[in-house]
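K.L.:
Mind looking over this structure? Questions follow.
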Amino acid sequence: MNKAIEDFVGGKRIALAGISRSGKKFGNTLFTELKGRGYDVFPVHPAAKEIGGTPCYPDLASLKGRVDGALVVLPPDKALPVLRDAASAGVKNVWLQQGAESPEAAALAEELKLNLVNGRCILMYAQPVRSFHAFHRAVMKLFGRL
């Protein structure tokens, strides 16, 4: 496991950008899964005050000093502003979930000196790893990749 992944999953307070009011997006699944694994998860949504009874924050600056990392589950074009927001809020550990990554985001993260995990599923690394994610990890260890 690389250092950026270790640093991210080692922090227990995570901002999650990409949770939806409908409750039907993958960000909502990650919210539930990470809470179930002992993480404090803080939803970031630009318009929602709360989702499913959990208070939301309009941006990462609203969480300054309260989180160890930011998990981004948004389309690539919407991930770029979150990277800028993370840098200005002092959040150094950023995870771009599969589907949120892009060459532009990787370049911006490097420019902003963020510790970036790019294009991997956090559920393969956030302990305890469960179900088919445990199988995927075993395959990765055996072959070096999926």
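The values are calculated or read from the model by the stated rules, or taken from the named source; none is laboratory data. Since the structure is predicted, the reported quantities are computational estimates derived from the model, not experimental observations. Cβ: placed from backbone, ideal geometry, glycine included. Neighbour counts: every protein chain shown.
K.L.:
Do any residues in the range 32-49 that are touching a residue at least 40 places away in the same chain (Cβ under 8 Å) and under 21 Å from residue 10 (Cβ atoms) have Cβ atoms under 6 Å from those of residues that are charged (D, E, K, R) and surrounded by 14 or more Cβ atoms within 10 Å (Cβ to Cβ), where the two are at least six apart or on different chains, and which pairs are they?
P.N.:
39/12
K.L.:
Still on this structure, please answer the following. When the range 65-99 is examined, which residues are found to be among the charged types (D, E, K, R) and in contact with a Gly (Cβ under 6 Å, 6 or more places away or on another chain)?
P.N.:
Filtering the range 65-99 for residues among the charged types (D, E, K, R) gives 66, 68, 77-78, 84-85, 92.
Residue satisfying the conditions is 68 alone.
K.L.:
Write out, first by first residue and then by second, each pair whose Cβ atoms fall under 7 Å of each other, whose residues are 6+ apart or on separate chains, and whose first residue, in the range 63-92, is closer than 16 Å to residue 43 by Cβ while the second is acidic (Asp, Glu) and surrounded by 14 or more Cβ atoms within 10 Å (Cβ to Cβ).
P.N.:
85/59
K.L.:
Could you figure out which of (1) under 24 Å from residue 114 (Cβ atoms); (2) at pLDDT below 95; (3) more than 11 Å from the chain's Cα centre (by Cα) isn't true of residue 27?
P.N.:
For residue 27, the failing item is (3).
K.L.:
Could you give every pair whose Cβ atoms fall below 9 Å, whose first residue belongs to the range 1-19 and is on the phi < 0 side of the Ramachandran plot, and whose second residue is among the hydrophobic types (A, V, I, L, M, F, W, C) and surrounded by fewer than 15 Cβ atoms within 10 Å (Cβ to Cβ), counting only separations of at least 6 or pairs across chains?
P.N.:
Short answer, once both residue conditions are applied: 9/1.
K.L.:
Something else: Basic (Lys, Arg), modelled with pLDDT under 90 and in a loop (DSSP other than H, G, I, E, B): is that true of residue 137 in this structure?
P.N.:
On the way: basic (Lys, Arg): yes; modelled with pLDDT under 90: yes; in a loop (DSSP other than H, G, I, E, B): no.
So residue 137 fails the test.
K.L.:
Residue 110 fails exactly one of the following numbered conditions: (1) surrounded by fewer than 14 Cβ atoms within 10 Å (Cβ to Cβ); (2) at pLDDT below 95; (3) under 18 Å from residue 8 (Cα atoms); (4) in contact with a strand residue (DSSP E or B) (Cβ under 9 Å, 6 or more places away or on another chain). What is the number of that condition?
P.N.:
(2)
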